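Data block below; observations after.
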Amino acid sequence: MFRLWIAILQLSELFVSSLVHLLYGFYIFSTAVASDISLALNECFKPNINIGVNDGDDSKTITKSDGLTPIVLVHGIFGFGKGRLGGMSYFAGAEKKDERVLVPDLGSLTSIYDRARELFYYLKGGQVDYGEEHSNVYGHSQFGRIYEQGHYPEWDEDHPVHFVGHSAGAQVVRALQQMLADKAFKGYEDTSENWVLSITALSGAFNGTTRTYLDGMQPEDGRSLKPLCLLQLCRLGVLIYDWLDISWMKTYYNFGFDHFNITWKKAGVSGLMDCLLGKTGPFATGDWILPDLTIQGSMRLNARLRTFPSTFYFSYATKRTRKMMGITVPSSLFGIHPLLFIRVLQMSQWGHPPDVSLPYKGYRDEDWQDNDGALNTISMTHPRIPTEHPSRFVVNDSDCQPLQPGIWYYKIVEADHILFIVNRERAGVQFDLIYDSIFERCRKHVFRTKPTLPNLTH
């Protein structure tokens, strides 16, 4: 009888979690469609009035911004870039705070590796090359989307960029910097880690999250899924969505698995069945984002990713928990988004299964209890497993001036995982404080000086 009650509770939790996530996804999608329809109607009925703006002003604006180092905002899991979901902004309009900000659209569920490759070609231009060896191992096409014109084709060591990554986007940027250092892009033998001037992480997923296990990843290996879980339902929905290949819907939102060729035109019914049964596709091979977000998966990534001495690093770690009589609980009832409240509570109480080997030496459940509903706070400060990277905790931004490269400066902010994205009004003044400090740091406090040659010294 006890096991029956446990099963009923687990099924109830799965139903509630699935419903909440489905409703939120529908809300975002429908809001984007409604906004586009409204804009289209306004354009139809707007009087044709010449307001007297000439082309010269636009060109001057473009010329002025061209002299600035681009700040690239990289979205996280289930995210989207400029051009998706109509006029909706993943970063809630933060990109308007600076004259030269780029917001790439990467695969929302594709692996850290695949997204890093996509980000490179988004900036440099050309056809995305996932690499022959990687593509053969994971069973997808070697080549993907074509960028006729890169968004920053002059990108090199003399023209570096600032990256700001939210959630998994932070780890994507780290993977890209390592690829640049390893000269991993065919035809680009001159790449180096110095192409990246700074990396700022906003709730960055550096060391994995225990939420992956709550959502359905097996804690035994961090790769496979439990038979019945939220991620299994997500997997089914994504596969069917991609297989149907409804053009207008995929224009609005794309999970990023086009290079797996699982549409009905290419795979047919048999291909869909193979994917659903776990024989082929991204979920069968493990080439998707969730295995990279487990503690084990993050350790595998971090073992290859370095913190470089000439790059500036800053991290904002978020939390929505506090201690009450020695127990970690949500810090607010109404300040946490409904999408995340249950997970904040569950993550604060989660314990590693006693019959499963610990993910790393020295692991303690209590270290991973503070969280923001998606990531554990300990995971967001700086890369720390399997090897601790240089770091420094700061309370105020002025505490780290002047900034030193090669060190992860980090702050802990009272916020849930999505407070600084999608809906600007939720964050209020905190939104402006966070993004203003990020952009000001990039523009005024982060620079790389080159030594002056003796014969050029005055």
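The values are calculated or read from the model by the stated rules, or taken from the named source; none is laboratory data. Everything numeric in this text was worked out from a predicted model, so none of it was measured. Here the Cβ positions follow ideal geometry from the backbone for every residue, glycine too, while neighbour counts run over all protein chains shown. When the accessible area is computed, the model is the full protein with side chains, heavy atoms only, and any ligands, DNA or RNA have been set aside. Shrake-Rupley method; radii C 1.70, N 1.55, O 1.52, S 1.80 Å.
A compact table of results
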{"read-out": "Rounded to the nearest 10 Å², the accessible area of Cys44 at probe 1.4 Å", "value": "100 Å²"}
{"read-out": "Calculated diffusion of region 182-273, Stokes-Einstein form, Kirkwood radius summed over Cα pairs, 20 °C and 1.002 mPa s, µm²/s", "value": "127 µm²/s"}
{"read-out": "Average accessible area per residue (Å²) across the chain - probe 1.4 Å, nucleic acids and ligands excluded", "value": "49 Å²"}
{"read-out": "Candidate aspartates and glutamates - alpha carbon under 15 Å from Lys124, same-chain residues fewer than 8 apart omitted", "value": "Asp105, Glu148, Glu154, Asp156, Glu157, Asp158, Glu189, Asp190"}
{"read-out": "Counting DSSP beta bridges with both ends in the chain, the antiparallel % (nearest 5)", "value": "30 percent"}
{"read-out": "Computed [θ] at 222 nm, helices only, for the chain once each DSSP H run of length n ≥ 4 contributes -39500 (n - 2.57)", "value": "-12000 deg cm²/dmol"}
{"read-out": "Net dipole in debye of region 356-437 [+1 Lys, Arg Cβ; -1 Asp, Glu Cβ; about Cα centre; nearest 20]", "value": "300 debye"}
{"read-out": "Portion, in percent, of the accessible area of region 201-283 that falls on carbon or sulfur, probe 1.4 Å", "value": "64 percent"}
{"read-out": "Centre separation in Å (Cα based) which lies between region 329-345 and region 139-174", "value": "34 Å"}
{"read-out": "Region 63-151: GluC sites (Glu not before Pro) in DSSP coil with no more than 16 other Cβ atoms inside 10 Å", "value": "Glu99, Glu148"}
{"read-out": "Hz values of 3J(HN,Hα) by residue in region 101-114 - Karplus curve (6.51, -1.76, 1.60), Gly and Pro given as x", "value": "10, 10, 10, x, 9, 10, x, 6, 10, 6, 5, 4, 4, 4"}
{"read-out": "Residue-wise HN-Hα coupling along region 149-157, computed from phi with Karplus coefficients 6.51, -1.76, 1.60 (Hz; x: Gly, Pro)", "value": "10, x, 7, 7, x, 7, 3, 6, 5"}
{"read-out": "Across Lys97/Lys411; Lys226/Lys361; Lys279/Lys361; Lys97/Lys183; Lys183/Lys279; Lys96/Lys250, pairs whose alpha-carbon gap is larger than 28 Å", "value": "Lys279/Lys361; Lys97/Lys183; Lys183/Lys279"}
{"read-out": "Overall form of region 63-135 per C-alpha gyration tensor (a/c, 1.5; a/b vs b/c)", "value": "oblate"}
{"read-out": "Debye log10 I(q)/I(0) at q = 0.13, 0.14, 0.23 Å⁻¹ for region 340-458, Cα point scatterers", "value": "-0.72, -0.81, -1.38"}
{"read-out": "Of every Cα-Cα pair in region 271-404, the percent that sits beyond 23 Å", "value": "51 percent"}
{"read-out": "Computed accessible area, Arg364, all protein chains, 1.4 angstrom probe, square angstrom", "value": "120 Å²"}
{"read-out": "Heavy atoms of Asp182 accessible to a 1.4 Å probe, total area in Å² rounded to 10", "value": "100 Å²"}
{"read-out": "Heavy-atom accessible surface of region 337-434: percent carbon and sulfur, 1.4 Å", "value": "54 percent"}
{"read-out": "List Val422, Val344, ordered by accessible area with a 1.4 Å probe, largest first", "value": "Val422, Val344"}
{"read-out": "Dipole of the chain, positive end: most advanced residue of Asn371, Ile246, Pro330 [Cβ charges, Cα centre]", "value": "Pro330"}
{"read-out": "Gyration tensor (Cα) of the chain, equivalent ellipsoid semi-axes in angstrom", "value": "34, 28, 25"}
{"read-out": "Estimated dipole of the chain in Debye, rounded to 20 [Cβ of Lys and Arg +1, of Asp and Glu -1, Cα centre]", "value": "740 debye"}
{"read-out": "Built amide H within the under 5 Å cut-off of Val164, gap 5+", "value": "Val72, Leu73, Val74, Thr200"}
